[in-house]
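**Student:** Dropping the structure in here first, questions after.
No lab work stands behind these numbers, since they all come straight from the coordinates. As the structure is a prediction and not an experimental result, all values here were calculated from the model. Backbone-built Cβ (ideal geometry, glycine too); neighbour counts: all protein chains shown.
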Amino acid sequence: MTNDYPVQFSVDYGDGTRNRLTTFFRLILMIPILVVLMVVSYTTAAFAAFLMILFRQKYPKWMFDYQREVLRFNARVSAYLSLLTDEYPSTDEEQSVHLEVAYPDAASDLNRFLPLIKWLLAIPHYIALLILEIIALAITIIAWFAIIITGTYPSGLFNFVVGVARWSNRVTAYAFLLTTDRYPPFRLNP
C-alpha cells in the first residue's frame with residue numbers, strides 16, 4: 001500500500017527479541033534521556049513557525065529542520081519507552097525508528113490563516129488518540145511482561161503501538177509543527 005501523506009513513521013521489528021534486563025529497568029533508564037528531551041522541546045520553535053506562516057507566509061528550512069529533528073528524537077525516546085526498541089535513544093542518529101516529514105512550501109502548500117484553527121480542527125484526533133494511548137499503555141504493560149517472560153515483543157501488540165505512534169506523529173505535524181494542511185487520516189496503518 002502506497003501512502004502519500006507527508007508524515008511517515010515506522011519502527012523496525014527485527015526478530016522481536018528484546019533484552020530482558022533493560023526492559024525490566026526501562027523506567028529508570030529513561031530518566032536521563034527524558035531530561036534531555038524536555039530541554040530541547042520544540043514548543044518555542046512551533047510558536048515561531050506559527051508566526052512566520054501567519055505573517056510572512058514562510059516556513060524557514062532551518063526552523064523546519066530543527067522541529068523535524070526534535071520530533072524524530074521524541075519518536076526514538078517514545079519507542080524506547082514503549083519497548084519497541086532496545087537501542088538507547090540517540091540524540092542524532094535514526095537508529096531503528098524512522099520518521100519522515102515532507103518540507104512544505106509555505107507560499108503554495110500552507111494556508112497562512114489555517115494555523116489559527118488547526119489545533120481546534122484536530123480535537124476529534126485528540127479524543128481518539130486519548131483512547132488509543134490508554135490502550136497502547138495497557139498493551140505496553142502486557143508486552144513488558146511478555147518480554148520479561150519470553151524475551152520477545154508479540155508482533156500484533158508491536159504493530160498496534162507503532163500505529164498509535166504513527167497517528168500521533170501525524171497529528172503533531174499537522175496541528176503543532178504546522179508542516180502540512182492535509183488533515184491527518186483516522187487510521188493506525190501507513
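**Student:** Which trypsin sites (Lys or Arg not before Pro) does the range 70-162 hold that lie in a coil by DSSP with at most 15 other beta carbons within 10 Å?
**Tutor:** Sparse-neighbourhood loop trypsin sites (Lys or Arg not before Pro): 112.
**Student:** In the chain, once you exclude exposed GluC sites (Glu not before Pro) (DSSP loop, at most 12 other Cβ within 10 angstrom), what's the longest stretch remaining? Could the numbers behind the result be given before it?
**Tutor:** Details: sites that count: 93, 94.
By the stated rule (loop sites, at most 12 other Cβ atoms within 10 Å), 95-190.
**Student:** Looking only at 171, 35, 77, which one moves most when the chain is put into a Gaussian network model with springs between Cα atoms under 10 Å?
**Tutor:** Among 171, 35, 77, the largest GNM mean-square fluctuation belongs to 35.
**Student:** Compute a Gaussian network model of the chain, connecting alpha carbons closer than 10 Å, and tell me which residue from 44, 179, 91 fluctuates the most.
**Tutor:** Comparing 44, 179, 91 in the GNM, the peak value goes to 44.
**Student:** Taking amide H positions as placed in the peptide plane 1.01 Å from N, state which residues far from residue 88 in sequence (5 or more) or on other chains have amide H under 5 Å from it.
**Tutor:** Correct list: empty.
**Student:** Exposed loop chymotrypsin sites (Phe, Trp or Tyr not before Pro) only (DSSP loop, at most 13 other Cβ atoms within 10 Å): please give the longest stretch of the chain free of them, not including the sites.
**Tutor:** Longest site-free region, per DSSP loop and neighbour criteria: 26-112.
**Student:** Residue by residue through the range 57-63, which ³J(HN,Hα) values in whole Hz follow from phi under the Karplus form 6.51 cos²θ - 1.76 cosθ + 1.60 (θ = phi - 60°), with glycine and proline marked x?
**Tutor:** 6, 9, 10, x, 4, 4, 5
**Student:** On to the next question. Can you run phi through the Karplus equation (6.51, -1.76, 1.60; θ = phi - 60°) for the range 162-177 and list ³J(HN,Hα) in whole Hz, with x for Gly and Pro?
**Tutor:** Karplus-based 3J(HN,Hα) across the range 162-177 equals 4, x, 5, 5, 4, 4, 4, 5, 5, 5, 4, 5, 6, 8, 10, 7 Hz.
**Student:** Nearest 10 degrees is fine. How inclined is helix 123-150 to the longest principal axis of the chain, computing both from alpha carbons?
**Tutor:** Approximately 20 degrees, to the nearest ten.
**Student:** Compute a Gaussian network model of the chain, connecting alpha carbons closer than 10 Å, and tell me which residue from 173, 146, 136 fluctuates the most.
**Tutor:** 146
**Student:** Another one. Apply the Karplus parameterisation 6.51 cos²θ - 1.76 cosθ + 1.60, with θ equal to phi minus 60°, to every residue of the range 104-114 and state each ³J(HN,Hα) to the nearest whole Hz, in sequence, with x for glycine and proline.
**Tutor:** The phi angles translate into x, 8, 4, 5, 10, 9, 10, 6, 5, 9, 4 Hz.
**Student:** As a check on your grasp of the helix formula, calculate [θ] at 222 nm for the chain: sum -39500 (n - 2.57) over DSSP H runs of n ≥ 4, divide by the residue count, round to the nearest 500. Display every interim value, and only then the final one.
**Tutor:** Working: 9 runs with 105 residues, N = 190.
Per the formula, -17000 deg cm²/dmol.
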